[in-house]
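Undergrad: Can you read through this structure? Questions will come right after.
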Amino acid sequence: MTPFSIDNEVFTVGMPDNPTSRDFISRLPLTLTFKEYGGFEKLTILDEGLTTEGAPSGSVPEVGDIGYYAPWKDVNMYYQDWSYSSELVKIGKIESDLEAFTNKLQSMNDDFTVTFEKVK
């Protein structure tokens, strides 16, 4: 489990045991600036991409998923279900209040920062 905060509200995310999520976790703590994209997700582009070694060819994101889209090197948080995306790797799933998370993301119209931290 990894906590993160959006606008002083803390959420927890379960991280699957795969090389992409382990690479993300190894970089924590991270403070990233997210922005709206497409009316279904918020995203941030990493300076350095994550490994996708052994990752599936793509996935279908659902509300509460955190994903990594390899071609753009972006981390995305989904507040709506979306369709299959090639080269999208799920790196996390919201485990705390999903409704509050969804409402929070939908209400964030401007760019905002998120700090991901390791649980100690």
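Undergrad: Given the structure, is Val60 surrounded by fewer than 16 Cβ atoms within 10 Å (Cβ to Cβ), among the β-branched types (Val, Ile, Thr) and either in contact with a His (Cβ under 9 Å, 6 or more places away or on another chain) or at pLDDT 95 or above (or both)? So that I can check it myself, show each step before the final result.
TA: Working: surrounded by fewer than 16 Cβ atoms within 10 Å (Cβ to Cβ): yes; among the β-branched types (Val, Ile, Thr): yes; either in contact with a His (Cβ under 9 Å, 6 or more places away or on another chain) or at pLDDT 95 or above (or both): yes.
The answer is yes for Val60.
Undergrad: When you look at Asp47, is it in a loop (DSSP other than H, G, I, E, B) and among the charged types (D, E, K, R), yes or no? Spell out how you get there, then give the answer.
TA: Values: in a loop (DSSP other than H, G, I, E, B): yes; among the charged types (D, E, K, R): yes.
For Asp47, the condition - in a loop (DSSP other than H, G, I, E, B) and among the charged types (D, E, K, R) - is met.
Undergrad: From the set of residues in region 64-92 that are in contact with a helix residue (DSSP H, G or I) (Cβ under 6 Å, 6 or more places away or on another chain) and in a loop (DSSP other than H, G, I, E, B), which is nearest to Asn18 (Cα to Cα)?
TA: Looking at the filtered set, the residue picked out is Glu87.
The values are calculated or read from the model by the stated rules, or taken from the named source; none is laboratory data. Since the structure is predicted, the reported quantities are computational estimates derived from the model, not experimental observations. Note that we place each Cβ from the backbone using ideal geometry, even for glycine, and neighbour counts take in every protein chain shown.
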